[in-house]
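Okay, structure first, notes after.
The values are calculated or read from the model by the stated rules, or taken from the named source; none is laboratory data. All values reported here derive from a predicted model rather than from experimental measurement. Glycine gets a Cβ as well: all are built from the backbone with ideal geometry, and neighbour counts include every protein chain shown. Accessible surface is based on the protein model in full, side chains and every heavy atom, while ligands, DNA and RNA are left aside. Shrake-Rupley method; radii C 1.70, N 1.55, O 1.52, S 1.80 Å.
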Amino acid sequence: MLRRAFSTAPAPKPRGWRKHLDRFRDRPASHITAFAVLHEITAIAPLAAVYYALDYYQPRTIFPDRVLEEGNRYINKLREYVGWEKLDESSPVLAHLATSYAVVKAAAPLRIAASVALTPWTAKWCVVPVAKTIERLAPRWLRFPKPKNKP
């Protein structure tokens, strides 16, 4: 143990997820931003995809007709209040929206795992270049001061 601590041999390179830890320590804001963007993309894209798949294939609904009509009546009151056109009483739009939302929420563990796995790449190739471009184009008075190197 002591021999390793005082050794002049280079430390072994970290493996697995630990290799990204140094980059996270250097730029935590870019990694947090990348995770947030990925998390939202993995929520919005599947929501639209599931909704349009349900709309295209028109599967049999699992909700009773009475529940759909009652839900559509309630949504029509809200849509009328906002100034939008009413839905048909037997419209499956509400059922498709609810089902899409439930599928996306049920897939949350997969979405989070994908977001965590893609965060280092997204931070390196998307967030950091955009941040550098914004920093370069920003007026001088708006920029953060550069940290001074201490000897």
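Annotations
- Single residue of His20, His39 found to be closer than 30 Å to Lys124 by Cβ, modelled with pLDDT of 95 or more and surrounded by 14 or more Cβ atoms within 10 Å (Cβ to Cβ): His39
- The residue that is nearest to Phe24 (Cα to Cα), counting only those in the stretch 65-111 that are open to solvent by less than 80 Å² (accessible area, probe 1.4 Å), touching a helix residue (DSSP H, G or I) at 6+ places or on another chain (Cβ under 9 Å) and charged (D, E, K, R), is Arg111.
- Options Ala114, Ala48: the member that is exposed (fewer than 14 other Cβ atoms within 10 Å of the Cβ) and in a helix (DSSP H, G or I): Ala48
- Test: residue in the stretch 126-133 that is open to solvent by 50 Å² or more (accessible area, probe 1.4 Å), within 15 Å of the chain's Cα centre (by Cα) and not polar (S, T, N, Q): yes
- Residues in the stretch 76-96 that are at pLDDT below 90 and in a helix (DSSP H, G or I): Val93, Leu94, Ala95.
- Filter pass, Pro59 being more than 30 Å from Leu21 (Cβ to Cβ), touching a residue at least 24 places away in the same chain (Cβ under 8 Å) and not basic (Lys, Arg): no
- Annotation note: Cβ proximity below 7 Å between a residue of the stretch 97-118 that is in contact (Cβ under 8 Å) with a residue 24 or more places away in the chain and a residue that is open to solvent by less than 70 Å² (accessible area, probe 1.4 Å) and small (Gly, Ala, Ser) (sequence gap 6+ or interchain) occurs for Val104/Ala43; Arg111/Ala43.
- Residue check for Thr61: surrounded by 12 or more Cβ atoms within 10 Å (Cβ to Cβ) and outside any helix (DSSP H, G or I): yes
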